[in-house]
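Written out below as C-alpha coordinates is the structure these notes cover.
The values are calculated or read from the model by the stated rules, or taken from the named source; none is laboratory data. Quick caveat: nothing in here was measured; it's all calculated off a predicted structure. Glycine gets a Cβ as well: all are built from the backbone with ideal geometry, and neighbour counts include every protein chain shown.
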Amino acid sequence: MHTIALRPDQPFDLDLTLSCGQVFRWERGKRGWTGVVGDSLICIRQEGRSLTFQGADPGCIISYFQLDEDLAGILSSIDRDPQIHAAISRCRGLRIVRQPAWECLASYICATYANIPGIKRRISLLCRCFGDPLLTPAGEVFTFPSPGAIAFSEPCRIAECRLGYRAPYLKETARVLADDPGWEERVRDLPYEKARRELLRLKGVGKKVADCVLLFAFGKHEAFPVDVWIQRILKTRYPEGVTLRTYDQFNSFGRTHFGSYAGYAQEYLFCDRAAITGGRGEDQVPVSQPDR
(Lines give C-alpha, C1' and ligand atoms only; values in the text may rest on other atoms or scores of the structure.)
Protein backbone atom coordinates (compact mmCIF):
# COMPACT_ATOMS: atom_id res chain seq x y z
CA MET A 1 0.00 0.00 0.00
CA HIS A 2 1.11 3.53 -0.75
CA THR A 3 -0.10 6.83 0.67
CA ILE A 4 0.05 10.31 -0.79
CA ALA A 5 -0.53 13.33 1.42
CA LEU A 6 -2.53 15.86 -0.58
CA ARG A 7 -1.43 19.48 -0.40
CA PRO A 8 -3.86 21.61 1.63
CA ASP A 9 -3.84 24.35 -1.03
CA GLN A 10 -4.72 21.93 -3.87
CA PRO A 11 -8.27 20.52 -3.74
CA PHE A 12 -9.01 16.94 -4.80
CA ASP A 13 -12.20 14.90 -4.56
CA LEU A 14 -11.71 11.30 -5.67
CA ASP A 15 -15.42 10.46 -5.70
CA LEU A 16 -16.37 13.40 -7.91
CA THR A 17 -13.43 12.79 -10.24
CA LEU A 18 -14.28 9.15 -10.90
CA SER A 19 -18.08 9.45 -10.95
CA CYS A 20 -18.61 12.45 -13.24
CA GLY A 21 -18.68 10.54 -16.53
CA GLN A 22 -15.18 11.05 -17.89
CA VAL A 23 -14.00 7.46 -17.23
CA PHE A 24 -15.89 4.17 -17.49
CA ARG A 25 -13.78 1.38 -15.95
CA TRP A 26 -13.86 2.37 -12.29
CA GLU A 27 -16.20 0.87 -9.71
CA ARG A 28 -16.91 2.20 -6.23
CA GLY A 29 -17.04 -0.29 -3.36
CA LYS A 30 -17.12 -0.18 0.40
CA ARG A 31 -13.36 0.34 0.62
CA GLY A 32 -12.93 2.83 -2.19
CA TRP A 33 -12.56 2.61 -5.95
CA THR A 34 -11.17 -0.16 -8.17
CA GLY A 35 -10.19 0.22 -11.80
CA VAL A 36 -7.85 -1.11 -14.48
CA VAL A 37 -5.35 1.41 -15.85
CA GLY A 38 -2.93 0.07 -18.43
CA ASP A 39 -1.77 -3.33 -17.19
CA SER A 40 -2.59 -2.70 -13.54
CA LEU A 41 -5.58 -3.15 -11.27
CA ILE A 42 -5.60 -0.12 -8.98
CA CYS A 43 -7.47 0.10 -5.67
CA ILE A 44 -7.65 3.58 -4.18
CA ARG A 45 -9.51 5.46 -1.46
CA GLN A 46 -9.46 8.94 -0.03
CA GLU A 47 -9.60 9.82 3.63
CA GLY A 48 -9.46 13.56 4.09
CA ARG A 49 -6.14 14.82 2.73
CA SER A 50 -4.72 11.32 2.19
CA LEU A 51 -4.90 8.94 -0.78
CA THR A 52 -4.18 5.30 -0.03
CA PHE A 53 -3.75 2.91 -2.95
CA GLN A 54 -2.20 -0.25 -4.31
CA GLY A 55 -1.47 -1.51 -7.82
CA ALA A 56 0.47 1.57 -8.94
CA ASP A 57 3.37 3.70 -7.80
CA PRO A 58 2.85 7.26 -6.53
CA GLY A 59 4.12 8.79 -9.77
CA CYS A 60 1.44 6.96 -11.75
CA ILE A 61 -1.32 8.17 -9.42
CA ILE A 62 -0.04 11.77 -9.49
CA SER A 63 0.05 11.71 -13.29
CA TYR A 64 -3.29 9.93 -13.80
CA PHE A 65 -5.26 12.25 -11.50
CA GLN A 66 -3.18 15.29 -12.55
CA LEU A 67 -2.31 16.05 -8.96
CA ASP A 68 0.64 18.00 -10.32
CA GLU A 69 -1.74 20.58 -11.84
CA ASP A 70 -2.46 23.84 -9.99
CA LEU A 71 -6.21 23.22 -9.69
CA ALA A 72 -6.73 26.20 -7.39
CA GLY A 73 -5.24 28.46 -10.05
CA ILE A 74 -7.25 26.79 -12.83
CA LEU A 75 -10.52 27.26 -10.95
CA SER A 76 -9.68 30.90 -10.26
CA SER A 77 -9.08 31.47 -13.97
CA ILE A 78 -12.49 30.07 -15.05
CA ASP A 79 -14.52 31.62 -12.21
CA ARG A 80 -16.09 34.25 -14.48
CA ASP A 81 -19.84 34.17 -13.86
CA PRO A 82 -22.42 33.12 -11.21
CA GLN A 83 -23.15 29.71 -12.80
CA ILE A 84 -19.58 28.49 -12.90
CA HIS A 85 -18.90 30.07 -9.49
CA ALA A 86 -21.69 27.97 -7.96
CA ALA A 87 -20.50 24.85 -9.80
CA ILE A 88 -16.96 25.35 -8.50
CA SER A 89 -18.29 25.75 -4.96
CA ARG A 90 -20.37 22.56 -5.15
CA CYS A 91 -17.89 20.40 -7.09
CA ARG A 92 -14.56 21.71 -5.84
CA GLY A 93 -11.86 19.07 -6.06
CA LEU A 94 -13.04 17.52 -9.32
CA ARG A 95 -9.99 16.97 -11.51
CA ILE A 96 -9.73 15.92 -15.13
CA VAL A 97 -8.10 12.51 -15.42
CA ARG A 98 -5.15 11.99 -17.79
CA GLN A 99 -6.38 8.88 -19.61
CA PRO A 100 -4.48 6.53 -21.96
CA ALA A 101 -5.13 7.95 -25.42
CA TRP A 102 -6.27 4.84 -27.30
CA GLU A 103 -8.53 3.66 -24.47
CA CYS A 104 -10.10 7.13 -24.22
CA LEU A 105 -10.66 7.36 -27.98
CA ALA A 106 -12.15 3.87 -28.29
CA SER A 107 -14.32 4.38 -25.22
CA TYR A 108 -15.83 7.59 -26.54
CA ILE A 109 -16.50 6.02 -29.93
CA CYS A 110 -18.48 3.41 -27.96
CA ALA A 111 -20.17 6.16 -25.91
CA THR A 112 -22.15 7.98 -28.60
CA TYR A 113 -25.93 8.09 -28.01
CA ALA A 114 -25.64 6.13 -24.77
CA ASN A 115 -25.90 6.44 -21.02
CA ILE A 116 -23.16 5.53 -18.59
CA PRO A 117 -24.45 2.05 -17.59
CA GLY A 118 -24.74 1.08 -21.27
CA ILE A 119 -21.28 2.40 -22.07
CA LYS A 120 -19.75 0.52 -19.16
CA ARG A 121 -21.38 -2.73 -20.27
CA ARG A 122 -20.05 -2.37 -23.82
CA ILE A 123 -16.54 -1.53 -22.67
CA SER A 124 -16.54 -4.42 -20.20
CA LEU A 125 -17.51 -6.82 -22.98
CA LEU A 126 -14.89 -5.34 -25.30
CA CYS A 127 -12.18 -5.88 -22.68
CA ARG A 128 -13.35 -9.39 -21.88
CA CYS A 129 -13.38 -10.36 -25.57
CA PHE A 130 -10.13 -8.73 -26.69
CA GLY A 131 -8.13 -7.65 -23.64
CA ASP A 132 -5.49 -9.61 -21.75
CA PRO A 133 -6.54 -11.30 -18.49
CA LEU A 134 -5.07 -10.17 -15.19
CA LEU A 135 -5.28 -12.55 -12.25
CA THR A 136 -5.85 -10.65 -9.03
CA PRO A 137 -6.93 -11.56 -5.48
CA ALA A 138 -10.36 -10.20 -6.45
CA GLY A 139 -10.58 -12.49 -9.48
CA GLU A 140 -9.92 -12.12 -13.18
CA VAL A 141 -10.01 -8.68 -14.79
CA PHE A 142 -9.00 -7.59 -18.27
CA THR A 143 -6.80 -4.91 -19.78
CA PHE A 144 -8.13 -2.59 -22.46
CA PRO A 145 -7.50 -4.22 -25.86
CA SER A 146 -4.88 -2.81 -28.21
CA PRO A 147 -5.87 -1.38 -31.61
CA GLY A 148 -4.48 -4.48 -33.29
CA ALA A 149 -6.53 -6.85 -31.16
CA ILE A 150 -9.72 -5.14 -32.35
CA ALA A 151 -8.60 -4.37 -35.91
CA PHE A 152 -7.86 -7.98 -36.79
CA SER A 153 -10.75 -9.59 -34.94
CA GLU A 154 -13.57 -11.51 -36.56
CA PRO A 155 -16.71 -9.38 -37.12
CA CYS A 156 -18.81 -11.91 -35.22
CA ARG A 157 -16.62 -11.49 -32.12
CA ILE A 158 -16.86 -7.73 -32.04
CA ALA A 159 -20.63 -8.08 -32.52
CA GLU A 160 -20.68 -9.91 -29.17
CA CYS A 161 -19.76 -6.60 -27.51
CA ARG A 162 -23.15 -5.09 -28.46
CA LEU A 163 -21.63 -2.04 -30.11
CA GLY A 164 -24.31 -1.91 -32.79
CA TYR A 165 -23.57 0.58 -35.57
CA ARG A 166 -20.41 1.64 -33.69
CA ALA A 167 -18.65 -1.70 -34.35
CA PRO A 168 -17.44 -1.00 -37.92
CA TYR A 169 -16.36 2.51 -36.90
CA LEU A 170 -14.30 1.19 -34.00
CA LYS A 171 -12.83 -1.62 -36.09
CA GLU A 172 -11.78 0.72 -38.91
CA THR A 173 -10.25 3.28 -36.56
CA ALA A 174 -8.42 0.49 -34.74
CA ARG A 175 -7.04 -0.70 -38.09
CA VAL A 176 -5.82 2.79 -39.03
CA LEU A 177 -4.12 3.33 -35.68
CA ALA A 178 -2.63 -0.16 -35.56
CA ASP A 179 -0.82 0.77 -38.79
CA ASP A 180 0.21 4.19 -37.40
CA PRO A 181 2.06 3.67 -34.11
CA GLY A 182 3.16 7.30 -33.95
CA TRP A 183 -0.36 8.76 -34.00
CA GLU A 184 -0.52 9.50 -30.29
CA GLU A 185 2.72 11.49 -30.17
CA ARG A 186 1.76 13.34 -33.35
CA VAL A 187 -1.63 14.42 -31.98
CA ARG A 188 -0.14 15.36 -28.62
CA ASP A 189 2.38 17.70 -30.27
CA LEU A 190 -0.22 19.51 -32.39
CA PRO A 191 -2.07 22.66 -31.27
CA TYR A 192 -5.74 22.18 -30.45
CA GLU A 193 -7.30 23.02 -33.85
CA LYS A 194 -4.87 20.85 -35.83
CA ALA A 195 -5.13 18.00 -33.31
CA ARG A 196 -8.92 18.16 -33.61
CA ARG A 197 -8.76 17.94 -37.41
CA GLU A 198 -6.43 14.95 -37.10
CA LEU A 199 -8.91 13.07 -34.90
CA LEU A 200 -11.88 13.99 -37.09
CA ARG A 201 -10.32 11.97 -39.92
CA LEU A 202 -11.04 8.79 -37.96
CA LYS A 203 -14.24 6.77 -38.35
CA GLY A 204 -16.74 7.27 -35.54
CA VAL A 205 -15.11 10.50 -34.38
CA GLY A 206 -17.34 13.58 -34.52
CA LYS A 207 -16.66 16.94 -32.96
CA LYS A 208 -17.76 15.99 -29.45
CA VAL A 209 -15.79 12.75 -29.40
CA ALA A 210 -12.72 14.62 -30.66
CA ASP A 211 -13.12 17.31 -27.99
CA CYS A 212 -13.61 14.74 -25.22
CA VAL A 213 -10.49 12.83 -26.27
CA LEU A 214 -8.40 16.00 -26.60
CA LEU A 215 -9.50 17.09 -23.12
CA PHE A 216 -9.35 13.78 -21.26
CA ALA A 217 -6.35 12.15 -22.94
CA PHE A 218 -4.20 14.81 -24.58
CA GLY A 219 -4.31 17.63 -22.06
CA LYS A 220 -5.85 20.14 -24.47
CA HIS A 221 -7.63 22.05 -21.71
CA GLU A 222 -9.14 24.55 -24.13
CA ALA A 223 -11.31 21.79 -25.63
CA PHE A 224 -14.97 22.34 -24.72
CA PRO A 225 -17.21 19.31 -25.41
CA VAL A 226 -20.89 20.18 -25.86
CA ASP A 227 -23.68 17.74 -25.05
CA VAL A 228 -27.39 18.26 -24.37
CA TRP A 229 -26.68 19.36 -20.78
CA ILE A 230 -24.00 21.90 -21.64
CA GLN A 231 -26.18 23.16 -24.47
CA ARG A 232 -29.15 23.52 -22.11
CA ILE A 233 -27.05 25.33 -19.50
CA LEU A 234 -25.63 27.78 -22.01
CA LYS A 235 -29.02 28.48 -23.62
CA THR A 236 -30.95 28.99 -20.38
CA ARG A 237 -28.38 30.43 -17.96
CA TYR A 238 -26.18 32.59 -20.20
CA PRO A 239 -27.70 35.62 -22.02
CA GLU A 240 -25.50 35.01 -25.06
CA GLY A 241 -26.69 31.40 -25.27
CA VAL A 242 -30.12 32.15 -26.73
CA THR A 243 -28.56 32.90 -30.13
CA LEU A 244 -26.40 29.76 -30.27
CA ARG A 245 -27.54 26.98 -32.60
CA THR A 246 -24.74 24.73 -33.87
CA TYR A 247 -22.12 22.68 -32.07
CA ASP A 248 -19.39 25.01 -33.29
CA GLN A 249 -21.23 28.06 -31.93
CA PHE A 250 -21.64 26.54 -28.47
CA ASN A 251 -18.05 25.31 -28.54
CA SER A 252 -16.68 28.69 -29.62
CA PHE A 253 -18.65 30.54 -26.95
CA GLY A 254 -17.37 28.21 -24.21
CA ARG A 255 -13.76 28.51 -25.31
CA THR A 256 -13.96 32.29 -25.64
CA HIS A 257 -15.86 32.88 -22.39
CA PHE A 258 -13.80 30.59 -20.15
CA GLY A 259 -10.40 30.85 -21.78
CA SER A 260 -7.53 28.39 -21.93
CA TYR A 261 -9.07 26.09 -19.27
CA ALA A 262 -12.54 26.00 -20.84
CA GLY A 263 -12.51 22.19 -20.58
CA TYR A 264 -12.44 22.44 -16.80
CA ALA A 265 -15.39 24.83 -16.90
CA GLN A 266 -17.27 22.34 -19.07
CA GLU A 267 -16.58 19.51 -16.65
CA TYR A 268 -17.68 21.54 -13.61
CA LEU A 269 -20.88 22.70 -15.32
CA PHE A 270 -21.60 19.13 -16.38
CA CYS A 271 -20.94 17.80 -12.88
CA ASP A 272 -23.33 20.42 -11.44
CA ARG A 273 -25.95 20.05 -14.20
CA ALA A 274 -28.76 18.81 -11.94
CA ALA A 275 -28.47 21.79 -9.60
CA ILE A 276 -28.15 24.26 -12.47
CA THR A 277 -31.02 23.01 -14.62
CA GLY A 278 -33.26 21.35 -12.05
CA GLY A 279 -33.00 18.15 -14.12
CA ARG A 280 -31.59 14.74 -13.31
CA GLY A 281 -29.33 13.43 -16.08
CA GLU A 282 -27.02 11.57 -13.71
CA ASP A 283 -26.35 8.81 -16.22
CA GLN A 284 -25.60 10.95 -19.26
CA VAL A 285 -22.20 11.71 -20.75
CA PRO A 286 -20.95 14.58 -22.92
CA VAL A 287 -21.35 12.68 -26.22
CA SER A 288 -25.05 11.93 -26.41
CA GLN A 289 -26.15 14.23 -29.22
CA PRO A 290 -25.23 14.72 -32.90
CA ASP A 291 -22.77 17.47 -33.80
CA ARG A 292 -25.43 19.49 -35.62
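Before moving on, here are some points about what is shown:
- Lone qualifier among GLY48, GLY59 - being loosely packed, with under 15 Cβ neighbours inside 10 Å and under 22 Å from HIS221 (Cβ atoms): GLY59
- Residue match in the range 174-187 (condition: among the acidic types (Asp, Glu) and more than 29 Å from SER40 (Cβ to Cβ)): no
- For the range 115-134, the set of residues classified as aliphatic (A, V, I, L, M) and buried (at least 19 other Cβ atoms within 10 Å of the Cβ) consists of ILE119, ILE123, LEU126, listed by residue number.
- Residues being of a type in the set (Lys, Arg) and in contact with a Ser or Thr (Cβ under 6 Å, 6 or more places away or on another chain) - total across the range 214-273: 1
- Residue among GLU198, GLU222, GLU184 that is closer than 22 Å to ASP79 by Cα, acidic (Asp, Glu) and surrounded by 14 or more Cβ atoms within 10 Å (Cβ to Cβ): GLU222
- Conditions (1) within 18 Å of VAL209 (Cα to Cα); (2) assigned to a helix (DSSP H, G or I): number failed by LEU163: (2)
- Test: residue in the range 82-90 that is within 18 Å of the chain's Cα centre (by Cα) and at pLDDT 95 or above: no
- Considering GLU240, GLU154, GLU140, GLU193, the condition of being exposed (fewer than 14 other Cβ atoms within 10 Å of the Cβ) and under 30 Å from ALA274 (Cα atoms) is satisfied by GLU240 alone.
- Hits in the range 225-236 - residues which are under 15 Å from SER252 (Cβ atoms) and part of a helix (DSSP H, G or I): ILE230, GLN231, LEU234, LYS235
- Entirely in the range 45-124, the helices (runs of 4 or more DSSP H) that have 1 or more residues that are in contact with a Ser or Thr (Cβ under 7 Å, 6 or more places away or on another chain) and in contact (Cβ under 8 Å) with a residue 40 or more places away in the chain: 101-110
- Hey, GLU222 in a loop (DSSP other than H, G, I, E, B), in contact (Cβ under 8 Å) with a residue 24 or more places away in the chain and not assigned by TED's automatic domain parsing to the domain that holds THR17 or not: yes
- Screening LYS203 with (1) farther than 23 Å from GLU267 by Cβ; (2) part of a helix (DSSP H, G or I); (3) touching an Asp or Glu at 6+ places or on another chain (Cβ under 8 Å) gives one miss only, at (2).
- Yes/no for LEU170 being more than 23 Å from ASP39 (Cβ to Cβ) and either buried (at least 16 other Cβ atoms within 10 Å of the Cβ) or in contact with a strand residue (DSSP E or B) (Cβ under 7 Å, 6 or more places away or on another chain) (or both): no
- Filtered by the rule that a residue be of a type in the set (A, V, I, L, M, F, W, C) and over 18 Å from GLU160 (Cα atoms), the range 97-129 gives VAL97, ALA101, TRP102, CYS104, LEU105, ILE116.
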